[in-house]
Every structure is written in C-alpha cells, then in structure tokens.
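The values are calculated or read from the model by the stated rules, or taken from the named source; none is laboratory data. From a predicted model like this one, the values you see are computed outputs, not experimental measurements. Cβ: placed from backbone, ideal geometry, glycine included. Neighbour counts: every protein chain shown.
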Amino acid sequence: MKSKFSIREATVADIPAIHQLAKAIWEPTYRPILSREQIDYMFEVIYAAGALELQMKEGQTFILLFDVAEPIGFAAYSMKDAEDSVYKLNKIYLLPSRQGEGLGKLLLEEVEERVGRVGARYLDLNVNKYNKAKAFYESCGYHVHIEEDIPIGPYWMNDYVMRKQLA
C-alpha cells in the first residue's frame with residue numbers, strides 16, 4: 001500500500017506554506033511555557049517571510065511533510081560544527097491535530113537520514129526545559145548534552161541541547 005505521506009525539500013516558494021504552518025503550530029506549542037508577548041515576539045523574529053528566507057540563505061535546509069497534497073509539518077536543519085561532524089535540528093513542528101500519529105518521528109528520522117548521508121556523526125537539537133517534547137526526543141534516542149540559555153531580543157530561551165550519535 002502506497003503511503004499518503006511524502007516529504008520534500010522546501011524552497012523559497014514554500015515560505016508562505018511554512019509561515020502558515022508555523023502560525024497554526026507556534027502559539028499552541030509554546031502557550032504552556034512562554035508569555036504571550038514572548039511567543040508573539042519570537043514568532044515574528046523567526047517566522048516572518050524575510051526571516052525564513054534569510055535562514056534558507058544562511059544554510060538551513062527546510063523539509064515539508066505532506067498528507068497527500070496538504071502540508072502538515074516541517075523541519076529545518078543545518079551544519080553546526082564541521083570539524084566534529086555535528087548537525088543541528090533547528091526546527092521540527094507538526095500541526096497539533098496530527099500529533100500522536102508517529103509523524104513527528106517520521107520527520108525526525110528523515111532529518112537523521114539526510115544528515116547521515118552527508119557524514120553527520122551527531123545531530124543536536126534544542127528543546128525548552130519545560131517543553132513536553134523532551135520526552136519524545138528521549139524516546140527517539142536523544143540525551144541531554146548540555147544546558148544553555150539563549151537571548152532572543154529581550155527574552156531568554158532556557159534550553160537543553162539534546163544530542164544523538166548517528167555514526
């Protein structure tokens with residue numbers, strides 16, 4: 001049976017779709033752990049069309065997950081440390097209505113496979129210390145590597161950097 005799900009690399013032409021997905025996902029994801037002001041500020045800094053285009057130009061590869069023709073999630077990754085062959089999962093998001101179906105794992109495995117093909121030894125990701133997604137990443141083989149506090153404008157993200165050895 002042919003899967004109704006597909007994943008493809010995004011281009012600048014896909015920025016409106018990524019923005020719309022982020023608009024539907026961002027607020028419900030962060031509402032339990034960030035203030036409304038911080039959510040709004042960070043969304044504009046990260047997901048405005050110009051910001052997404054700049055991220056692509058600066059080396060983030062975006063991929064889109066489709067259910068038939070409907071985009072339902074996305075991820076982005078980039079090189080973090082060439083010397084140690086470390087890549088970073090910059091983003092991974094799925095529509096809230098589609099969570100719990102194994103699709104986040106499908107997206108994550110796609111990123112792992114893509115970076116593995118280009119020689120990644122490790123894949124790192126940041127997760128807010130209060131984000132319930134930490135348990136998901138642990139179930140996928142990631143462990144807390146370090147903790148870091150990242151300034152974003154007047155706000156702070158208090159994160160775990162989680163790592164998985166790929167090779």
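For the subset of segment 114-139 comprising residues that are over 16 Å from residue 91 (Cα atoms) and assigned to a loop (DSSP other than H, G, I, E, B), which member is modelled with the lowest pLDDT?
Checked segment 114-139; the qualifying residue modelled with the lowest pLDDT is 130.
Of the numbered conditions (1) surrounded by fewer than 13 Cβ atoms within 10 Å (Cβ to Cβ); (2) out of contact with any helix residue (DSSP H, G or I) (no Cβ under 8 Å at 6 or more places or on another chain); (3) over 17 Å from residue 98 (Cα atoms), residue 16 satisfies every one except a single condition; which is it?
(2)
Can you confirm whether segment 83-97 contains a residue that is polar (S, T, N, Q), modelled with pLDDT of 95 or more and within 15 Å of the chain's Cα centre (by Cα)?
Looking through segment 83-97, at least one residue is polar (S, T, N, Q), modelled with pLDDT of 95 or more and within 15 Å of the chain's Cα centre (by Cα).
Within segment 151-167, is even one residue under 26 Å from residue 39 (Cβ atoms) and among the charged types (D, E, K, R)? Walk me through how you get there before you give the answer.
First, the residues of segment 151-167 that are under 26 Å from residue 39 (Cβ atoms): 151-162.
Now restrict to residues that are among the charged types (D, E, K, R): 159.
Within segment 151-167, one or more residues are under 26 Å from residue 39 (Cβ atoms) and among the charged types (D, E, K, R).
All but one of (1) over 15 Å from residue 15 (Cα atoms); (2) free of Cβ contacts under 8 Å to residues at least 24 places away in the same chain; (3) surrounded by fewer than 17 Cβ atoms within 10 Å (Cβ to Cβ) hold for residue 39; which doesn't?
For residue 39, the exception is condition (3).
Can you tell which of 28, 32, 96 is surrounded by fewer than 11 Cβ atoms within 10 Å (Cβ to Cβ) and farther than 25 Å from residue 165 by Cα? Reasoning before the result, please.
Values: 28 fails: surrounded by fewer than 11 Cβ atoms within 10 Å (Cβ to Cβ); 96 fails: surrounded by fewer than 11 Cβ atoms within 10 Å (Cβ to Cβ).
Every option except 32 fails the conditions.
Starting from segment 57-86, keep only residues that are acidic (Asp, Glu), then list their pairs with residues that are part of a strand (DSSP E or B) and surrounded by fewer than 18 Cβ atoms within 10 Å (Cβ to Cβ) whose Cβ atoms are within a distance under 7 Å, requiring at least 6 positions of separation or different chains.
If the second residue must be part of a strand (DSSP E or B) and surrounded by fewer than 18 Cβ atoms within 10 Å (Cβ to Cβ), the pairs left are 67/5.
Could you list all residues from segment 19-68 that are among the charged types (D, E, K, R), part of a loop (DSSP other than H, G, I, E, B) and within 25 Å of residue 118 (Cβ to Cβ)? It would help to see each step written out before you state the result.
Quick first cut of segment 19-68, residues among the charged types (D, E, K, R) only: 23, 27, 31, 36-37, 40, 44, 53, 57-58, 67.
So of that shortlist, the ones also part of a loop (DSSP other than H, G, I, E, B) come out as 31, 58.
The one that is among the charged types (D, E, K, R), part of a loop (DSSP other than H, G, I, E, B) and within 25 Å of residue 118 (Cβ to Cβ): 58.
Does segment 42-54 hold any residues that are free of Cβ contacts under 8 Å to residues at least 60 places away in the same chain, crowded, with 16+ Cβ neighbours inside 10 Å and hydrophobic (A, V, I, L, M, F, W, C), and which are they?
Within segment 42-54, the first condition is being free of Cβ contacts under 8 Å to residues at least 60 places away in the same chain, and the residues that meet it are 43-44, 46-54.
The next check asks that each one be crowded, with 16+ Cβ neighbours inside 10 Å; those that pass are 43, 47, 52.
Selection gives 43, 52.
Taking segment 69-87 only, how many residues are in contact with a Ser or Thr (Cβ under 8 Å, 6 or more places away or on another chain) and either surrounded by fewer than 20 Cβ atoms within 10 Å (Cβ to Cβ) or in a loop (DSSP other than H, G, I, E, B) (or both)? Write out each step before concluding.
Step one: list which residues in segment 69-87 are in contact with a Ser or Thr (Cβ under 8 Å, 6 or more places away or on another chain), which gives 76-78, 87.
Imposing the further condition that a residue be either surrounded by fewer than 20 Cβ atoms within 10 Å (Cβ to Cβ) or in a loop (DSSP other than H, G, I, E, B) (or both) reduces the set to 78.
Adding up the residues that qualify gives 1.
Return yes or no: is residue 57 surrounded by fewer than 16 Cβ atoms within 10 Å (Cβ to Cβ), within 27 Å of residue 109 (Cβ to Cβ) and not acidic (Asp, Glu)?
Numbers: surrounded by fewer than 16 Cβ atoms within 10 Å (Cβ to Cβ): yes; within 27 Å of residue 109 (Cβ to Cβ): yes; not acidic (Asp, Glu): yes.
Yes; evaluated as a whole, the condition is true for this residue.
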